[in-house]
Amino acid sequence: MDAVNILTTKGLTKAYGGIKANTDIDFALPRGKTMALIGPNGAGKSTFVGMLCGRIPATRGDVFFEGANINALPAHQRISLGIAYTFQITSVFAGLSLHENVALAARRRLGADVAAVNAKVADVLARVGLAERTDQIAGDLSYGHQRLLEIAMGLAQDPRLFILDEPTQGLADSEVEEFIALINTLAGETTILLIEHNMDVVMKTATHITVLDAGEVLAAGTPEEIRANAAVQAAYLGTSDA
Amino acid sequence: MDFGPHLLLASLEGAVTAAILALTAMGLSIVFGVMRVVNVAHGEFYMLGAVIAWWVTSLIGGHPAIGFVLALGIAPLLVGFLAAAADKVILQKINYDPDRTIVATIGLLYIIQQTTLMTFGPDARPVQPPFNTRIALPWFEFGDAGFAMYWPWGLSITSYKLFVIMAAIGILTALWLVITRSKIGLIMRATQLDSETALAFGVPVDRVYMWVFGLGAGLAAVGAVLVVPIQQAHYLMGHDPLLLAFITVIIGGLGSLPGTVIAAILIGMSDGIISVFFSPTLAKIIATLVVAMVLAFRPQGLLGRTAH
Amino acid sequence: MTDSQRSQLLHLGVIALLFVAFFVLPTYHVGNLSRIMVLAVYAIGYNFLFGYTGLLSLGHALFFAAGMYGLGLSMELFDLTTAPALMVGLASALIVSAVIGFLALRTSGVSFMIVTLMFAQAGYLTILYFGSYTRGDEGFVIQQADRVLFGLDLSNDTARYFAALVLFSVCFLAVARLVQSPFGRTLVAIRENEERARMLGYNTVAHKLKAVVISGTIAGVAGAAYALLFGYAGATFATVQYSIFPLLWVLLGGAGTTIGPLIGVIFMFYLIDLSSDITSAYMLIAGVVLVLLTLFAPQGLAGELRKRVFKWMP
């Protein structure tokens, strides 16, 4: 079971009507690494991870998690296998306390064991630096703190694969630095798939990079390889001042 | 009567039902289409139209046609203004939140219905039709004597019922032209597509909503004024039209205007035909179950298109 | 005192208050209270789905009627005794709510409301259609001989009051506990943000179906108890009006609060009771209350109290 790759896709394709958002994506995510998925706006990044975790049904192609084909599994069952997902647009339980938000994430695995859930919640909130706000209502938090809460909810699930969809979008510079530090403490603990626009974050966290362009894989490799790749420079890095 | 003439009679009655239903359902459909508001009080606006028609005609003496024409003008206007006011005072204040809108319009339903009960009373009251000539209809048959035409006893329709069908067609055509051709229609469609962008382009969305709500209620009132010489005004008469209008709008595809008309014809005709041959309760059971199933399995309606 | 101790105290206090009320209040109000408690059970069932799961049904009269007719018809047609008939009532509500839940949960939002409304309407018409068994709008009386449970004659005022109190207490405490359990918390999560709950790995459809069945079964038990305690089953209880009543009670009392349903029923009951002395158009009051509530107190009486004064209230 302990293959090199935790998740792979074969020929994964999504078409809306006649328009293809993703075309025949073959993708491999090495276990325990941090993979960044980059590409210009509209490259199909969110569609791709949407198909991984089951929010978006694939038109054709296969997704394998831990060697098993998970095409037929609905989203909630994929999450139960150990895939955690954070939304691109912050999506927390705005009417509930931080504690309850994270407890809901932890409780699916830990069940009715109140002590274990509470310990997990305290641990995770401390880790993202929200420990002293545990009784606040999530909707009252600042945007940056809601993003951190979102990450805490992912961590509370002890995921085997943690998918983060543009986690630093809308964060202040200092918050981005804290985020980078947080991700780096997770390195080796879990596998991370990061959709990210901020190249600084990518270069400081990712061990591997996959570049999507117009719904297809343009390049894949280590940050050094990607940096040196002429096609990537032309399509993406060259046009970005980040 | 033989089966053939009987069926023709049922179809004619069905066509009258369909005509009224098309008007009522169109009101509901426009309100839902433009505002995304489910107006549960729609049936009460219908009832109010009928009651006002009775009131106007009973005030005016002389030939019944004078009162009727006045009612046809006054009732929809009054009802429309009342609905627009209700929109401004209630629905706008709760920002058209879907759950709260439903609850508020349920409240409105009882307020209108019970106020009518207190003032108009619990009795059903008739309105004289402006004209009411009985027109006997012929039937054709190939018998022993070859092709023959005769007038079966009971196969007839009144001139007033024919007028109702024509009037409904006329009003709906006019409405269609207004929505597709005029500036008012353009503003309505823009608001329907994207109210925020419309607002940014200077469309007074609040006022559009207010008058669309009024228009929807006014259409129900027109239907009611037309029906009241056939059916009598009663404070509980809004219940069945509400249900039928809901059914029509859903079958036609929520918010689709041509779909609504086609569904109204389908449902009105089959209601007329089924009620002649089967128990009306059974017909209603089947109709409500069909609607529930359509919503559950084909939420875009029978004629609506799938959205992504 | 922790919050959960406080809320436990509150629940037991409410039950104690209802217990004492029997000895203190005049007969007329004691009679009213037994009716109020049974209707509050109905409201508790409704609140479980609307207040905690966030699903607004306009068809709960169908579940109430399923319980009522399950009990009444099995007595009328098959001569069942009280206890088995009560079980039939419960079972019919459970089955009906499972089927309706399965179908209606394919939709959401406004469509959910309309689908539940349509099914309930079809149910009401079906009761009328089989008028030779159900006696339609007129309804039928449950014989006094059939209203004896465990040796208690439920047509007796005292027995009726305490039977209603026991039923109310059981449902009140059970639901209060259930909404604090992991299952109940997940329902609240679904109410707050269904997509997020799904993407935390919860099977939201299965959770919602369970919520519909629990809610519908409680409503059905209330319907069966109503027929049993007050000796009558009629199609009126299957009308749209009886689907709207629990919504009204819960909104008035406070959706998503444990004591809201009881408060709402008491308030509405006496409001209608007082106004029906003045006018026959008492539903006018209900309409005005509904509109005022949506405008000024969307969280209901208990909800506003919780927001302003007792933040710990369950």
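The values are calculated or read from the model by the stated rules, or taken from the named source; none is laboratory data. Predicted model only: the values in this text are computed from it and were never measured. Cβ sites come from the backbone with ideal geometry, for glycine too, and all protein chains shown count toward neighbours.
The single residue among B:221, B:264, B:198, B:287 that is in contact with a Pro (Cβ under 8 Å, 6 or more places away or on another chain) and either more than 14 Å from every other protein chain (Cβ to nearest Cβ) or among the aliphatic types (A, V, I, L, M) (or both) turns out to be B:221. State whether the residues of segment A:172-195 include one that is out of contact with any helix residue (DSSP H, G or I) (no Cβ under 6 Å at 6 or more places or on another chain), surrounded by fewer than 16 Cβ atoms within 10 Å (Cβ to Cβ) and under 15 Å from residue A:44 (Cα atoms). Looking through segment A:172-195, none of the residues is out of contact with any helix residue (DSSP H, G or I) (no Cβ under 6 Å at 6 or more places or on another chain), surrounded by fewer than 16 Cβ atoms within 10 Å (Cβ to Cβ) and under 15 Å from residue A:44 (Cα atoms).
Residues in segment A:16-61 that are within 13 Å of another protein chain (Cβ to nearest Cβ), in contact with a strand residue (DSSP E or B) (Cβ under 8 Å, 6 or more places away or on another chain) and farther than 26 Å from residue C:204 by Cβ: none.
The condition (being touching a helix residue (DSSP H, G or I) at 6+ places or on another chain (Cβ under 7 Å), assigned to a helix (DSSP H, G or I), within 14 Å of chain C (Cβ to nearest Cβ) and on the phi < 0 side of the Ramachandran plot) is satisfied by just one residue among A:104, A:148: A:104. Restricting segment C:194-219 to residues that are over 30 Å from residue A:84 (Cβ atoms) and touching a Leu at 6+ places or on another chain (Cβ under 6 Å) leaves a set whose member that is nearest to the other protein chains (Cβ to nearest Cβ) is C:215. The condition (being more than 23 Å from residue C:6 (Cα to Cα) and out of contact with any Pro (no Cβ under 9 Å at 6 or more places or on another chain)) is satisfied by just one residue among C:188, C:166, C:221: C:221.
Among the residues of segment C:221-252, those identified as of a type in the set (Gly, Ala, Ser) and away from every other protein chain (no Cβ under 14 Å) are C:222, C:223, C:224, C:225, C:227, C:231, C:233, C:234.
Per this entry, residue C:50 is counted among residues that are under 30 Å from residue B:239 (Cα atoms), within 14 Å of chain B (Cβ to nearest Cβ), assigned to a helix (DSSP H, G or I) and within 16 Å of the chain's Cα centre (by Cα). Evaluating residue C:269 against the criteria (1) within 19 Å of residue C:172 (Cβ to Cβ); (2) surrounded by 18 or more Cβ atoms within 10 Å (Cβ to Cβ); (3) more than 13 Å from chain B (Cβ to nearest Cβ); (4) out of contact with any Pro (no Cβ under 6 Å at 6 or more places or on another chain) leaves one unmet condition, (2). One residue alone among C:154, C:200 is within 30 Å of residue C:27 (Cβ to Cβ) and either touching a helix residue (DSSP H, G or I) at 6+ places or on another chain (Cβ under 9 Å) or modelled with pLDDT under 90 (or both), and that residue is C:154. Residue B:65 falls short on exactly one of the conditions (1) within 23 Å of residue B:192 (Cα to Cα); (2) assigned to a helix (DSSP H, G or I); (3) modelled with pLDDT under 85, and that condition is (1). Return the residues of segment C:281-306 that are over 18 Å from residue C:246 (Cβ atoms), at pLDDT below 80 and facing chain B (nearest Cβ under 7 Å); say none if nothing qualifies. Answer for segment C:281-306, where residues must be over 18 Å from residue C:246 (Cβ atoms), at pLDDT below 80 and facing chain B (nearest Cβ under 7 Å): just C:281.
Contact annotation: residue pairs with Cβ atoms under 7 Å, 6 or more positions apart or on different chains, pairing a residue in segment C:94-109 that is within 15 Å of residue B:288 (Cβ to Cβ) with a partner that is modelled with pLDDT of 95 or more, are C:100/C:62.
On the given criteria, is residue A:37 more than 21 Å from residue A:156 (Cα to Cα) and within 14 Å of the chain's Cα centre (by Cα)?
Working: more than 21 Å from residue A:156 (Cα to Cα): yes; within 14 Å of the chain's Cα centre (by Cα): yes.
Taking the combined requirement at face value, the residue satisfies it.
Within segment C:172-193, the set of residues being over 19 Å from the mean Cα position of the chain (by Cα), more than 7 Å from chain A (Cβ to nearest Cβ) and free of Cβ contacts under 8 Å to residues at least 12 places away in the same chain comprises just one member, C:181. Within segment A:62-77, the set of residues being within 14 Å of another protein chain (Cβ to nearest Cβ) and either in a loop (DSSP other than H, G, I, E, B) or in contact with a strand residue (DSSP E or B) (Cβ under 7 Å, 6 or more places away or on another chain) (or both) comprises A:65, A:70, A:73, A:74. Scanning segment B:76-130 for residues that are out of contact with any Ser or Thr (no Cβ under 8 Å at 6 or more places or on another chain), crowded, with 18+ Cβ neighbours inside 10 Å, charged (D, E, K, R) and within 7 Å of chain C (Cβ to nearest Cβ) yields a count of 1. Here the condition is being more than 17 Å from residue C:245 (Cβ to Cβ), of a type outside the set (Asp, Glu), in a loop (DSSP other than H, G, I, E, B) and more than 9 Å from chain B (Cβ to nearest Cβ); of C:73, C:80, it holds for C:80 alone.
Applying the selection to segment A:43-58, what residues are of a type outside the set (Lys, Arg) and more than 11 Å from residue A:14 (Cβ to Cβ)? If you could, list the steps in order and put the result at the bottom.
Within segment A:43-58, the subset of a type outside the set (Lys, Arg) is A:43-44, A:46-54, A:56-58.
Of everything in segment A:43-58, those that are of a type outside the set (Lys, Arg) and more than 11 Å from residue A:14 (Cβ to Cβ) turn out to be A:43, A:49, A:52, A:53, A:54.
In summary, residue C:101 fulfils each of the numbered conditions (1) buried (at least 21 other Cβ atoms within 10 Å of the Cβ); (2) out of contact with any Lys or Arg (no Cβ under 8 Å at 6 or more places or on another chain); (3) in a helix (DSSP H, G or I); (4) within 14 Å of another protein chain (Cβ to nearest Cβ) with the single exception of condition (2). Taken over segment A:205-232, the residue count meeting the criterion of being part of a helix (DSSP H, G or I) and modelled with pLDDT under 85 is 9.
Filter segment A:2-15 down to residues that are more than 14 Å from chain B (Cβ to nearest Cβ) and of a type in the set (Lys, Arg), then give me how many there are.
Of the residues in that region, 1 qualify.
For segment C:112-143, taking the residues that are within 19 Å of the chain's Cα centre (by Cα) and not aromatic (Phe, Trp, Tyr), the one that is nearest to residue C:55 (Cα to Cα) is identified as C:113. Within segment B:220-253, which residues are in contact with a helix residue (DSSP H, G or I) (Cβ under 6 Å, 6 or more places away or on another chain) and either outside any helix (DSSP H, G or I) or basic (Lys, Arg) (or both)? B:233, B:235, B:237, B:238, B:252, B:253, listed by residue number.
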